[in-house]
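The values are calculated or read from the model by the stated rules, or taken from the named source; none is laboratory data. Treat the numbers as computed from the prediction; the structure is a model and nothing was measured. We place every Cβ from the backbone using ideal geometry, glycine too, and count neighbours over all the protein chains shown. Heads up: the accessible areas ignore ligands, DNA and RNA and are worked out on the full protein's heavy atoms, side chains in. Shrake-Rupley method; radii C 1.70, N 1.55, O 1.52, S 1.80 Å.
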Amino acid sequence: MSKKLLLKDAHIEGIRYFETYRKQGGYTAAEKALKMTPEEILEEVKTSGLRGRGGAGFPTGMKWSFLAKPEGVPRHLVVNADESEPGTFKDRYLMEFLPHLLIEGMLISSYTLGSNVSYIYIRGEYSWIPDILEEAIEEAKAAGFLGKNILGTGFDCEIYVQRGGGAYICGEETALLESLEGKRGNPRLKPPFPAVKGLWERPTVVNNVESIAAIVPIIDITGAEYAKIGVGRSTGTKLISACGNINKPGVYEIDMTITVEEFIYSDEYCGGIANGKKLKACIPGGSSVPIVPANLLLKTVNGEPRYMNYESLADGGFATGTMMGSGGFIVLDEDQCIVEHTMTLARFYHHESCGQCTPCREGTGWMHKILKKIEKGEGKMEDIDLLWDIQRKIEGNTICPLGDAAAWPVAAAIRHFRDEFEWHVKNPELSQTQNYGLANY
Ligand code: SF4
């Protein structure tokens, strides 16, 4: 059984409220941290090996150490709660059921970074959660854990919740900052990076909800103990939101030493494939990461088991080329049509493109059109190659990672499931009434 650090108290009734959270030992990590220097906390976070839980997996301690500290210029912590990646809903769970874990993590992080005004930028569709967070903020303030002169340390900290407008692109950190400033959420060219010029051109750290929540157990048990959990550079625990054709969709906390097979088939986690079907493929880290067929998902090319961690899932090169990403684990059974699935994703990325760069603005729409044609049985063999060319021209040629996120699913689908694309071309009539999965398994 995986060790629980973030969700250990999630089952306790009333844990959403300060009184219950406090009774369970809540805010003791904050009390401990506020007796330490910011430099000491930063060292703990670096030692923990915590990697950003939003998708990129960049070491959090290193990110914090890049924060510029010009004299007299305010600094900010911004929590990225714009969780819009299809298949990803673990931050929603944290904010809805454990809001004080996030607030406590923000207090410790704000103190470390020197942010007296910090923000939570939350996805617009999570319409009921800002009230939960604002209530928790008020409770923390009333108890002296936010506001002026927190616990008599002289440190002041306010937290504000800002609702997004429902744009996926605002999950990209610079688009988020633009939106937080009241502008259209267009990604910025980098450099300058937010650590130097972020919110209102002030040094800013943007971190994911889960990353900030993880600061609490790191201070609680120490960075060194946190680093002992997990394996290699995949330290600590990771939240995974599992969905698709499985028996037990939900949010799970894993310690990154379990195998993918165990995660999918064990009753502790996904409980196997729904309706006794066979596993066909999986997208292990949210819709932007490449799809992996079952044979490569359960074993590496060397026949070793594949593990639920950053290194094993990526496994370099073309073996999977996938990633742990945001931990949005989407499972597809044998009945699913990869072409239809890829078309749905292409439509999503086209709709969410901000339109600033030509390869993304035009390429995403073009890919969607071609995929639609193939899926309806109106495609030609050359269309598959054209699709391949388009995604190649998008990848790496755009301002922000949305371009790559749109290209990778198409590339992986063609690389691993070209036979399905060809089936649609060769069977125009059948593909109008059936999908590849149902017709071939
Ligand atoms: Fe906008 Fe797409 Fe360019 Fe990102 S890659 S800036 S979403 S057009």
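Some points to look at:
Results for (1) in contact (Cβ under 8 Å) with a residue 12 or more places away in the chain; (2) assigned to a helix (DSSP H, G or I); (3) open to solvent by less than 60 Å² (accessible area, probe 1.4 Å), shown as yes or no for each residue.
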| site | (1), (2), (3) |
| --- | --- |
| Lys3 | yes, no, no |
| Asp9 | yes, no, yes |
| Glu13 | no, no, no |
| Gly26 | yes, no, yes |
| Glu39 | no, yes, no |
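- A single entry from Ile219, Ile229, Ile254 fulfils the requirement of being open to solvent by 10 Å² or more (accessible area, probe 1.4 Å), among the β-branched types (Val, Ile, Thr) and touching a residue at least 40 places away in the same chain (Cβ under 8 Å): Ile229.
- The number of residues in segment 360-389 being within 15 Å of the ligand (Cβ to nearest atom) and buried (at least 22 other Cβ atoms within 10 Å of the Cβ) comes to 5.
- Some residue of segment 179-186 being of a type outside the set (Ser, Thr, Tyr), away from the ligand (no atom under 16 Å from the Cβ) and closer than 30 Å to Lys32 by Cα: no
- Meets criteria (buried (at least 18 other Cβ atoms within 10 Å of the Cβ), within 11 Å of the ligand (Cβ to nearest atom) and in contact (Cβ under 8 Å) with a residue 12 or more places away in the chain) for Cys400: yes
Yes/no per residue for (1) without any contact (Cβ under 8 Å) to a residue 12 or more places away in the chain; (2) open to solvent by less than 40 Å² (accessible area, probe 1.4 Å); (3) farther than 24 Å from Ile169 by Cα; (4) more than 16 Å from the ligand (Cβ to nearest atom):
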| site | (1), (2), (3), (4) |
| --- | --- |
| Ser288 | no, yes, no, no |
| Ile291 | no, yes, no, yes |
| Leu297 | no, yes, yes, yes |
| Asn302 | yes, no, yes, yes |
| Thr344 | yes, no, no, yes |
| Tyr349 | no, yes, no, no |
